[in-house]
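K.L.:
Before we start, here is the structure in question, set down as structure tokens.
The values are calculated or read from the model by the stated rules, or taken from the named source; none is laboratory data. No experiment lies behind these values; they were computed from the predicted model shown. All Cβ positions, even for glycine, are placed from backbone atoms using ideal geometry, and neighbour counts span all protein chains on display.
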Amino acid sequence: MKIFDYLTKYDYEQLLFCQDENSGLKAIIAIHDTTLGPALGGTRMWTYETEDDAIEDALRLARGMTYKAAGAGLNLGGGKTVIIGDPRKDKSEELFRAFGRFIQGLNGRYITAEDVGTTVADMDLIHMETDYVTGVSPAFGSSGNPSPVTAYGVYRGMKAAAKEAFGSDDLSGKTIVVQGVGNVAYNLCRHLHAEGATLIVTDINKENVQRAVDDFGAKAADPADIYSRPCDIFSPCALGAVINDATIPQLKAKVIAGAANNQLKEERHGDTIQQMGIVYAPDYIINAGGLINVADELQGYNRERAMKKVETIYDNIQKVIEIAKRDNIPTYRAADRMCEERIASVQKSRSMFLQNGKHELSRIHH
């Protein structure tokens, strides 16, 4: 992999390799862009087949976090860490504390959080060495389980997409197919049921389906025929890449709005659904509630303030739709454009020289 070519192509700022022989730590920290503020992004622990795979994953995910934070209106940039190892057997206090010291050495340029393969307990170990970590135990000022907050953001974003498709954001009487009923989607169903929506749900875990049937009067559906169910809104809340060549011809919905990441298998699928007249709420805009929630911890967590910020996901989806109309592009492209415009705007405003404690002329030696 030609690393500098890749970094230049996508405007990355920094790529760090962290190793600690005593603990066995092998970590890669990717910092994509800090124009808006320090880079925030989780720590993923995974058994990568090759080091190149690990590098590529860290870089790809870091760039995604830049866009997610920018789209959510946060003063944060994008970063990500991957730790190479088996999360079932390679974890130790020494490993996470060693990693915490590397984060501390970045002096706030990068702030981490939990991700695939890591837990709140792991974040607590990192916290022993640095304050630049979110998602720690509530005893240390954490926001706790982010699922209900993420779900509320998806609910708000879905209402904004519905307003574009149906002329009203009222979801009562609407038939909504929810694919996957994990923690986030269960809480989403709670909001939808309270508003009077008719729910059709599916999940490979039958207990999750039964819980939604019992609690919200949802109808259970087989995972194989969920795409062809007549509905107003299709809500992917499980795997990524579910909007693809096989599923698009089956879709009956006017809106796609859900919590899953990377819903479009390829960008061209976003073009196709736009041509079909389907309103698509881009995933990283609508599911940003969890990020907004942990970001609030950086100010000393306040649930009410975090939820007010999550409500603005409604406005963010509306902005994306406006840009899509303005520039005659699909919403997935409009989302990127909205984020890029915000970053460019802040970059311009910061081009002015500002003398402060970080930029004293006395520190410049000739």
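K.L.:
Right, TYR12: buried (at least 18 other Cβ atoms within 10 Å of the Cβ), within 28 Å of GLN347 (Cβ to Cβ) and assigned by TED's automatic domain parsing to the domain that holds ASP122 or not?
P.N.:
Details: buried (at least 18 other Cβ atoms within 10 Å of the Cβ): yes; within 28 Å of GLN347 (Cβ to Cβ): yes; assigned by TED's automatic domain parsing to the domain that holds ASP122: yes.
Yes: the conditions hold for TYR12.
K.L.:
Still on this model: Those residues that are surrounded by fewer than 15 Cβ atoms within 10 Å (Cβ to Cβ) and not in a loop (DSSP other than H, G, I, E, B), I need them from the stretch 92-118; list them, please.
P.N.:
Selection gives GLU93, GLU94, GLY105.
K.L.:
Something else now. Give me the residue from the stretch 63-91 that is touching a residue at least 12 places away in the same chain (Cβ under 8 Å) and more than 30 Å from VAL346 (Cβ to Cβ) and, out of that set, surrounded by the most Cβ atoms within 10 Å (Cβ to Cβ).
P.N.:
Filtering first and then ranking leaves ILE83.
K.L.:
Under 6 Å between Cβ atoms, which residue pairs at least 6 apart in sequence (or on different chains) link something in the stretch 233-254 that is without any contact (Cβ under 8 Å) to a residue 40 or more places away in the chain with a partner that is assigned to a strand (DSSP E or B)?
P.N.:
ILE243/LEU264
K.L.:
For ARG363, work out the one condition from (1) modelled with pLDDT of 95 or more; (2) of a type in the set (D, E, K, R); (3) over 22 Å from the mean Cα position of the chain (by Cα) it doesn't fulfil.
P.N.:
(1)
K.L.:
If we scan the stretch 331-340, do we find a residue that is crowded, with 20+ Cβ neighbours inside 10 Å, more than 20 Å from GLY37 (Cβ to Cβ) and of a type in the set (S, T, N, Q)?
P.N.:
For the stretch 331-340, residues crowded, with 20+ Cβ neighbours inside 10 Å, more than 20 Å from GLY37 (Cβ to Cβ) and of a type in the set (S, T, N, Q): present.
K.L.:
So which residues in the stretch 204-234 are of a type in the set (A, V, I, L, M) and not in a helix (DSSP H, G or I), if there are any at all?
P.N.:
Those that are of a type in the set (A, V, I, L, M) and not in a helix (DSSP H, G or I): ILE204, ALA218, ALA220, ALA221, ILE226, ILE233.
K.L.:
Can you tell me which residue among ILE204, ILE176 is of a type in the set (Val, Ile, Thr), closer than 22 Å to THR331 by Cα and in the same structural domain as LYS308 (by TED's automatic domain parsing)?
P.N.:
Being of a type in the set (Val, Ile, Thr), closer than 22 Å to THR331 by Cα and in the same structural domain as LYS308 (by TED's automatic domain parsing) holds for just one of ILE204, ILE176, which is ILE176.
K.L.:
How many residues are more than 20 Å from the chain's Cα centre (by Cα) and part of a helix (DSSP H, G or I) if we restrict to the stretch 184-199?
P.N.:
Adding up the residues that qualify gives 5.
K.L.:
For the stretch 21-80, which residues satisfy the criterion of being touching a Cys at 6+ places or on another chain (Cβ under 9 Å) and part of a strand (DSSP E or B)?
P.N.:
The answer is LEU25, LYS26, ALA27, ILE28, ILE29.
K.L.:
Among the residues of the stretch 264-275, is any aliphatic (A, V, I, L, M), assigned to a helix (DSSP H, G or I) and touching a strand residue (DSSP E or B) at 6+ places or on another chain (Cβ under 6 Å)?
P.N.:
Checked the stretch 264-275: at least one residue is aliphatic (A, V, I, L, M), assigned to a helix (DSSP H, G or I) and touching a strand residue (DSSP E or B) at 6+ places or on another chain (Cβ under 6 Å).
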